[in-house]
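This report refers to the structure that appears directly beneath it.
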Amino acid sequence: MVDAIELEERYGAHNYHPLPVVLTRGKGVWVWDVQGKKYLDMLSAYSALSHGHGHPRLLKALHDQAEKLALTSRAFYTDRLGVMLKMLCDLSGLDMALPMNSGAEAVETAVKAARRWGYKAKGIPKHQAEIIVAEGNFHGRTTTIVSFSSEEAYKEDFDPFTPGFKMIPYGSASALEKAITPNTCAFLVEPMQGEAGIVIPPQGWLTQVAKICQKHGVLLILDEVQTGLGRTGKLFAYQHEKILPDGLILGKALGGGLLPVSAFLARRDIMELFTPGSHGSTFGGNPLAAAVALESLCVIQEEKLTERSAELGQYLLEKLHQLNSPFVTELRGSGLWVGMVIDPDKATARAICEKLMERGILAKETHQVVVRLAPPLVITREEIDWAVDQIAAVLQELST
């Protein structure tokens, strides 16, 4: 184990702060380290492993397609991509989709689409398009995306930054309406914030936002890279309020925990503004990714993972509330996506995650004060019970 950590530390850039565990195998909700110790994965690669590790249907789809055709580039049509894109559109209610690889690439695609729509459809003067974003946002790590982050650690020494973004408080509909100008082309926002610590906005906020955007001719673009595909107890988080965005960004779970697959979906009039040469990706929409993404969508539907997330997420929150620990100041969550806010005067979230690791639970802190709990959606009640027992034991241990 030490050798593996030493190699990563010596030859890898130190842009992460991993827990000191070296994983070598995974199955379902469980992973094993190189010494054979078993852990319950309560992070799910930040929601990318919603189907669990090594789902047999996804492995078969990957293997079968890899043997047939893996990559062509978008210079040619394939028999896999259109089928997958149709299912995405059917499930979301949007008209067209543009496939990419990472979530950040899909966000960049959304930014380009919003600006082009602003100039060509709304008539915003050239170079004046504005996109409104929210404080506490996390949309990725590219230079443009960190330009509109409110987290200074993501921005330090990476300037000069891309202009054209305006920031408002998260969860405030009135702040959005005040910020809109004739040059506003879009509001880009997470319907629930993940990296900020599982922040759930006030009930009704998204409905208000949708009405404001429609009233002022502004695109509502939702980043559901983390929240999408069942994580919050609905297939898409916007379905909690029964609205339909103008644009939707998906990633993570779309690749079934096997491949980086993302997509930007939008109304037809927005998407048709892309023309040959205006955007692209060598690997985006490759047949291997399309086959896995298609099967991942089928598995979510047929195995009722969204329904499991809603039911078991409520169960997890109830069990955590019963702990009634002075170390926990707040519990926030929707579906199997819970933020456990730790009193900084009593402990750090990192220290709790390290102690959970010793007990066979893998979770990760965010912003030093929140322990994020987001297990694969295939987890069982019995496994949740065991996890909560370990959390209780850690909190008790810290209090003595």
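The values are calculated or read from the model by the stated rules, or taken from the named source; none is laboratory data. Quantities reported herein were computed from a predicted structural model and do not represent experimental measurements. Every residue, glycine as well, gets a Cβ built from its backbone with ideal geometry; the counts of neighbours run over all protein chains shown.
Would it be correct to say that residue 4 is within 30 Å of residue 276 (Cβ to Cβ) and among the small types (Gly, Ala, Ser)?
The answer is no for residue 4.
Somewhere in segment 53-74, is a residue under 24 Å from residue 198 (Cα atoms) and surrounded by 20 or more Cβ atoms within 10 Å (Cβ to Cβ)?
Checked against the condition, which is being under 24 Å from residue 198 (Cα atoms) and surrounded by 20 or more Cβ atoms within 10 Å (Cβ to Cβ), segment 53-74 yields at least one hit.
Residues are listed down the side, and each one gets a yes or a no for (1) out of contact with any Cys (no Cβ under 8 Å at 6 or more places or on another chain); (2) surrounded by fewer than 16 Cβ atoms within 10 Å (Cβ to Cβ); (3) modelled with pLDDT under 95; (4) within 29 Å of residue 201 (Cβ to Cβ):
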| position | (1), (2), (3), (4) |
| --- | --- |
| 264 | yes, no, no, yes |
| 274 | yes, no, no, no |
| 278 | yes, yes, no, no |
| 285 | yes, no, no, no |
| 309 | yes, no, no, yes |
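Do you know which of the residues in segment 103-131 that are surrounded by 18 or more Cβ atoms within 10 Å (Cβ to Cβ) and without any contact (Cβ under 8 Å) to a residue 60 or more places away in the chain is nearest to the chain's Cα centre (by Cα)?
Only one residue fits best here, namely 104.
If I filter segment 347-377 down to residues being in contact with a Ser or Thr (Cβ under 8 Å, 6 or more places away or on another chain) and part of a loop (DSSP other than H, G, I, E, B), which single residue comes out as surrounded by the fewest Cβ atoms within 10 Å (Cβ to Cβ)?
368
Given the criteria of a type in the set (D, E, K, R), in a loop (DSSP other than H, G, I, E, B) and either over 20 Å from residue 53 (Cα atoms) or not assigned by TED's automatic domain parsing to the domain that holds residue 130 (or both), does residue 211 qualify?
Taking the combined requirement at face value, the residue does not satisfy it.
Of the residues 296, 262, 281, only one is more than 25 Å from residue 197 (Cα to Cα) and in contact with a strand residue (DSSP E or B) (Cβ under 6 Å, 6 or more places away or on another chain); which?
One residue alone meets the criteria, 281.
Would you say residue 234 is over 13 Å from residue 98 (Cα atoms) and free of Cβ contacts under 8 Å to residues at least 24 places away in the same chain?
No: the conditions fail for residue 234.
So which of 122, 112 ends up being modelled with pLDDT of 95 or more, within 25 Å of residue 141 (Cβ to Cβ) and basic (Lys, Arg)?
Going through 122, 112 in turn, the sole match is 112.
Return the pair list, or none, for Cβ contacts closer than 9 Å from residues in segment 239-262 that are assigned to a loop (DSSP other than H, G, I, E, B) to residues that are of a type in the set (Phe, Trp, Tyr), at least 6 apart or on different chains.
241/205; 244/238; 245/236; 245/238; 246/117; 260/283
If you go through segment 227-271, how many residues are of a type in the set (A, V, I, L, M, F, W, C) and either at positive phi or outside the structural domain of residue 289 (by TED's automatic domain parsing) (or both)?
Total satisfying the criteria: 1.
With segment 1-113 as the region, which strands (runs of 3 or more DSSP E) entirely inside it contain at least 1 residues that are within 25 Å of residue 238 (Cβ to Cβ)?
Per the criteria, 96-100.
Consider only pairs whose beta carbons are under 8 Å apart and that are at least six residues apart or on different chains; among these, list those whose first residue lies in segment 320-341 and is at pLDDT 95 or above and whose second residue is assigned to a strand (DSSP E or B) and of a type in the set (S, T, N, Q).
Taking only residues 6 or more apart or on different chains, the pairs are 339/366; 341/329.
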